[in-house]
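Derivation of every value follows stated rules applied to the coordinates shown; laboratory data play no part. Just so it is clear, the structure is predicted and the values come from calculations on it, not from any experiment. Positions of Cβ are generated from backbone atoms using ideal geometry, with glycine treated the same way; all protein chains shown enter the neighbour counts.
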Amino acid sequence: MRESDPFEICRRQDFGSCDSPGTPSKGEFQATSFAGDSAFFSVQNAEKNEAVQSPLEVREPEQEQATTQDIKFSDETFALVQRTIRRYPEGRQKSALLPLLHLAQAEFDGWLSAPVMDYVASLLDIQPIEVYEVASFYSMFNLKPVGKCLIEVCHTSSCWLLGAEDIVRHLEQKLGIKKGQTTPDGKFTLKTVECLGSCGTAPMMMIGAQFHENLTLEKVDAIVEEWDGKGERSRYC
Amino acid sequence: MYRKHGGYESLKKALGMAPDAIVEEVKKSGLRGRGGAGFPTGMKWSFLAKPEGVPRYLVCNADESEPGTFKDRYLMERIPHLLIEGMIVSSFALGANTSYIYIRGEYFYVLRILEKAIDEAYAAGLLGKNILGSGFDHDCYVQIGAGAYICGEETALLESLEGKRGNPRLKPPFPAVKGLWDCPTVVNNVETIAAVVPIIEMGGDAYAGIGIGKSTGTKLISASGHINKPGVYEIELGVPVEEFIYSDEYCGGIRNGKDLKAVVAGGSSVPILPKHLILKTAAGEPRLMSYESLGDGGFATGTMLGSGGFIVMDEDTSIVKNLYTFARFYHHESCGQCSPCREGTGWMERIIKKILDGKGTLADIDLLWDVQSKIEGKTICPLGEAAAWPVAAAIRHFRAEFEEYVTRPEGIRDVRHYYRVNQLEPA
Ligand SMILES: Cc1cc2nc3c(=O)[nH]c(=O)nc-3n(C[C@H](O)[C@H](O)[C@H](O)COP(=O)(O)O)c2cc1C
Ligand code: SF4
Ligand code: FES
């Protein structure tokens, strides 16, 4: 689970475990909903090419007048989507959900808004709820906007043994934010994550699909400065 | 390039054999699953149900999320064709016309490498219809995960591959009977499938000649932590642990000439052992890198080979703080279906945090022991146990350190928790 996960309340391990010795439960209620994340609720139905109604609209009628935006993959991505779906037997197209969500996240600003998830549901001919429940389960899917450069520092054992805490502290100071936050200019989001399979080259962090290993504070500085000058968004795929 | 070095020769050989004969060779080789549980691969294959007219699947587990483990990444990155050859040979033995490699989401660049290798294999007629004129058809695809450790558990992996949340299934039915889309399925680790290639090449008996006792063959060990030469090492099973840690051929000893304190020998889930028990068994025999030797003494004085994630800690390491990173990890990754795991992992994380913060009491240590003891055997999948074992082992072998945290909270602040990044000197 990521720090900024708006679905935290519906996530498994935090259910009702409030009565703890010491520190309070992580699962404090957040007044976030799908609706709060986006201002538009209509998407295009891929096949019929007409606007479909999101079930969310029923819950948030006052938002109905909000701007409508057409959400559609580029032709190139759409071809990739078709190819991905064909990897699975007839009637098993739902299997393509994870790859499609990655593509959607890469194409639509690095996070999954409700309309984007509804669009993916329409492509796979499944219910939107089937997409929401999956998107909220996996920690690589962002359900809130993230900065252009998403920095994820591993803080599990091997990385911790070699100074991950120093890296996090240094980044917090340098960026002027706490972990889990995004800089006001929307450039950087800083997160801590669990083991990313680079324990032999610890400490490490990831930016988009790029692993940065054997980190030193100087290396971190250089990487941050490079991203500061870049206009583009870090991408997983 | 791979073929120039004798690649895909095993495939040619295998396609000339009867599928059952391949399973037989794998049985003879004594190969045991490299994903963590160490279950004999040939036996697993022979359990596969073969009802008429129902497709069978081979699924390769490349989720690799066990903290301390990074060997599959290395294998796929450096020799992707070895895995693909293994996938085709294994699928032929199992009669599977389709296979999937499920890779963790963070390894996106490895996915690209695998996809490229698969394209090359198709172009060379090694995948697709009528492979090398044998009449065997096979398609292999890579599926990407999205950051969930639990999807390494085989039934959760299958759920995820079906496009769902990674909630483990109740067993039975086992995947061999009802797996992917309710069809018979074999799930094997990357390293296991890759090992099938040399087994076919040299024959099961010759492979069984490598290693020691029932720990046959070689194993990739991911070595990390306070050692001079972290990295992935292929060892013949049976190498003494002492040699593995200190020889220049492997880890090259402890950094900065420090003394060894403890080792987590097989990935975060296995019990941690203090120096005297990792180098020698309770009976004083040298401990070897093998399933049996590491397991010697049960959990009282032994541990497990697990996935081969070998994390080494030097004399100054805080065992409690290291345990906290594990506890936080398991709390984060529990899927939440079973109360003992969902709640227990949260309790363990919070109690350890409280102790670390110097706010704990001696009763909290007992409470922690109590919580961990109530998880094992009461959950759907082994993640619950994987979360409890490290806690139990840390208290078993390092109780004095926990007590120090609660009785001398000020003094403990002087204990170094970790290395400073730059100078690799005590903080
Ligand atoms: C919580 C949990 C996580 C697991 N993670 C992995 C993993 O990342 N990679 C893996 O190969 N096996 C993992 N396993 C083991 C698999 O369930 C399964 O036993 C293995 O893929 C079988 O392959 P093998 O017989 O070749 O080892 C995990 C098991 C559990 C309970
Ligand atoms: S033991 Fe934990 S991870 Fe496994 S099914 Fe139960 S709650 Fe999920
Ligand atoms: S512990 Fe950081 S990558 Fe494994």
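Rounded to the nearest 0.05, what FRET efficiency is calculated for B:A363 and B:R112 with R0 set to 56 Å and r the Cβ-Cβ distance?
The computed FRET efficiency comes out at 0.60.
Take every residue in peptide A:132-143, count the Cβ atoms of other chains within 10 Å of its Cβ, and give the average of those counts.
4
When you look at the Cβ of every residue in B:179-192, what mean number of other chain Cβ atoms sits within 10 Å?
That works out to 1 on average.
What is the Cα coordinate range of chain B on the first, second and third principal axes, sorted by size from largest, in whole angstrom?
73, 46, 41
Can you give the % of DSSP beta bridges in the protein assembly as shown that are antiparallel, to the nearest 5?
Roughly 55 percent of the beta bridges in the protein assembly as shown run antiparallel, per DSSP.
Taking the 0 to 90 degree range and rounding to the nearest ten, how far is the long axis of helix B:362-373 tilted relative to the main principal axis of chain B, both from C-alpha atoms?
20 degrees
With θ set to phi - 60°, apply the Karplus curve 6.51 cos²θ - 1.76 cosθ + 1.60 along the stretch B:156-166 and write out the HN-Hα couplings as whole Hz, x wherever there is a Gly or Pro.
5, 4, 5, 4, 5, 5, 8, x, 10, 5, x
What FRET efficiency do you get for A:R233 and B:E201 if R0 is 51 Å and r is their Cβ-Cβ distance, rounded to the nearest 0.05?
It comes out at approximately 0.65.
How charged is the neighbourhood of B:K214? Take every other residue with its Cβ under 11 Å from the Cβ of B:K214, and add Lys/Arg as +1 and Asp/Glu as -1.
0
Grab the beta carbon distance between B:E243 and B:E292, set R0 = 25 Å, and tell me the FRET efficiency rounded to 0.05.
E(calc), rounded to 0.05, equals 0.90.
Which of the trypsin sites (Lys or Arg not before Pro) found in the stretch B:106-172 are loop residues per DSSP with 16 or fewer other Cβ atoms within 10 Å of their Cβ?
Hits after loop and neighbour filter: B:K129.
First check a/c for the stretch B:1-125, with a ≥ b ≥ c the square roots of the eigenvalues of its C-alpha gyration tensor; if it is under 1.5, answer rounded, and if not, answer prolate when a/b is larger than b/c or oblate otherwise.
oblate
In peptide B:328-334, how many Cβ atoms from other protein chains are near each Cβ within 10 Å, on average?
Mean number of neighbouring Cβ atoms from other chains: 5.
Which value in nm describes the separation of the simple spin-label points at B:Y122 and A:A222, placed 7 Å from the Cα toward the beta carbon?
3.9 nm
Give me the base-10 log of I(q)/I(0) for the stretch B:156-294 at each q in 0.10, 0.13 Å⁻¹, Debye formula, one uniform scatterer per Cα, rounded to two decimals.
Taken in order of the listed q values, log10 I(q)/I(0) reads -0.49, -0.76.
Taking amide H positions as placed in the peptide plane 1.01 Å from N, state which residues far from B:K214 in sequence (5 or more) or on other chains have amide H under 5 Å from it.
Result for B:K214 returns nothing.
Could you go through the stretch B:287-302 in sequence order and give the Karplus-derived ³J(HN,Hα) for each residue, using 6.51 cos²θ - 1.76 cosθ + 1.60 with θ = phi - 60°, rounded to whole Hz, and x for Gly and Pro?
Per residue, the Karplus-derived 3J(HN,Hα) values read 7, 10, 7, 8, 4, 6, 5, 5, x, 4, x, x, 7, 5, 10, x Hz.
Taking H as built 1.01 Å from N, whose amide H comes closer than 5 Å to the amide H of B:Y57, not counting residues under 5 places away?
When sequence neighbours closer than 5 places are left aside, the close amide H contacts are B:T185, B:V186.
Counting only residues 5 or more places away or on other chains, whose amide H sits under 5 Å from the amide H of B:G225 once H atoms are built in the peptide plane?
Residues meeting the amide H criterion: B:V312.
Sort A:121-130, B:22-31 by packing, meaning the average of other beta carbons within 10 Å per residue, with the highest value first.
B:22-31, A:121-130
Too long at a 30 Å Cα-Cα cut-off: which of B:K258/B:K374; A:K219/B:K258; B:K50/B:K129?
Table pairs above 30 Å Cα-Cα are B:K258/B:K374.
Could you compute the net charge surrounding B:S90? Neighbours are other residues with a C-beta less than 12 Å from the C-beta of B:S90; K and R count +1, D and E count -1.
Here the charged neighbours net out to 0.
Gain in length, B:D139 to B:V54, computed as 0.36 nm per residue apart minus the alpha-carbon separation, to one decimal in nm?
Between B:D139 and B:V54, full extension yields 29.0 nm more.
Which order, highest average first, do A:111-120, A:83-92 follow once you tally other Cβ atoms within 10 Å for each residue and take the mean per peptide?
Put in order of decreasing packing, that is A:111-120, A:83-92.
HN-Hα J couplings of the stretch B:107-118 from phi, Karplus 6.51/-1.76/1.60, θ = phi - 60°, integer Hz, Gly and Pro as x?
Values, residue by residue: 8, 4, 5, 6, 4, 4, 5, 5, 4, 5, 4, 5 Hz.
Rounded to the nearest 10 degrees, what's the angle between the helix B:80-94 long axis and the longest principal axis of chain B, both from Cα atoms, 0 to 90?
Tilt relative to chain B: about 60 degrees.
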